[in-house]
């Protein structure tokens, strides 16, 4: 609830004016330098809008320069009137515990009250870094997005390693025999694939609108699955999680045809990197570590004797001449764990010497 919503709406308009002024100067002078932009535009903006807080002018200028840098000054970055405004500590005070914020505007400080969702109560003691104020025209509501930070939790001393293999048949397989199957995910992705093809062939305006809504639902489904999997993995008692470095897994245009259309679809459609990111930040929050190792031959190497033979793997089964026979993805996860243990051992031996 905001005491003076009209003043905040006028502040949005003033912020947009300052942003566009700074963006235009930067584009025409091919400069992303914030200092030069400040000297060229600040005085004029203050004369045009003397009631607009100077700190908000600086925020608008910084956003404009960052947008210019992203486009390499090739186009003038445009800003919609009610796009989010960036606030720094000088122009906003937020009390998360009592749900009160005082926000700078063209009419002075405005008091606002908000309710913090229960899921965010664990961040009440964290330090506020920056804020963004949003306005949704459809609902005529203001949203305050805050960024908070805390000191890194102390790293756990004991060493307990878990290898994690990510793939197509199983989203993730852990070296402790935990499987996260992909059957449900595949069914959903195939359903969206069929719907996309049907709507794209139709080509009407309503079909395009439905495609846009559908893409959002598919993306949210994927994010939710990755959140659930990463949460369950990080909650395990292990302190070190080892992943393969899959930075080059997506097929390029030249090599794509050699893998086949079906394999290319699955490699390109599932977000392996997002799952990795979720595991990393959730592990860091608990003082745990994520390591990445070379993925070469993890599916062909025997986790028992170390021999590498591509003929040992037949589909989802792995059978070695040493007598080992188990799920191929589980074998890969154990190889990843072994490589992680090798890295940790080298680090510990170096530390002790």
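Coordinate-derived values only; no laboratory data. Values in this document were obtained by computation on a predicted structure and should not be read as measured data. Positions of Cβ are generated from backbone atoms using ideal geometry, with glycine treated the same way; all protein chains shown enter the neighbour counts.
Quick notes
- 10 Å-binned pair-distance histogram of the range 34-137 (Cα, whole percent): 12, 38, 32, 15, 2
- Rounded to 10°, Cα long-axis angle of helix 34-48 versus longest principal axis of the chain: 40
- Fewest-first sequence of 212, 307 by Cβ atoms within 10 Å of each Cβ: 212, 307
- Taking the longest Cα principal axis of the chain as reference, the axis of helix 183-202 is set at about 50 degrees.
- The length gained on full extension between residue 100 and residue 132, counted as 0.36 nm times the residue separation minus their Cα-Cα distance, comes to 10.0 nm.
- Label point at residue 90 placed 7 Å out along Cα→Cβ; residues across the range 40-58 whose backbone nitrogen lies under 14 Å: 42-43, 46, 52-58
- Site pair residue 193 and residue 285 shows an inter-label distance of 3.3 nm when each label is modelled 7 Å from Cα along Cα→Cβ.
- Distance between the 7 Å Cα→Cβ label points at residue 224 and residue 169: 2.8 nm.
- Given their separation in residues at 0.36 nm each and the Cα-Cα distance between them, residue 36 and residue 81 gain 13.7 nm when the chain is fully extended.
- Counting DSSP beta bridges with both ends in the chain, the antiparallel % (nearest 5): 80
- Degrees separating the helix 328-352 axis from the principal Cα axis of the chain, which is the longest one: 70
- Overall form of the range 116-187 per C-alpha gyration tensor (a/c, 1.5; a/b vs b/c): oblate
- Between residue 236 and residue 156, the contour length at 0.36 nm per residue exceeds the Cα-Cα span by 27.5 nm.
- Ellipsoid semi-axes in whole angstrom, largest first, where each is sqrt(5λ) of the Cα gyration tensor of the chain: 48, 27, 21
- At an R0 of 51 angstrom, the distance between the Cβ atoms of residue 107 and residue 184 translates into a FRET efficiency of 0.45.
- Cα→Cβ-extended label distance, 7 Å offset, between residue 308 and residue 122, nm: 4.1
- Contact order relative to length of the range 1-149, as percent, for alpha carbon pairs under 8 angstrom and 6 or more apart: 24
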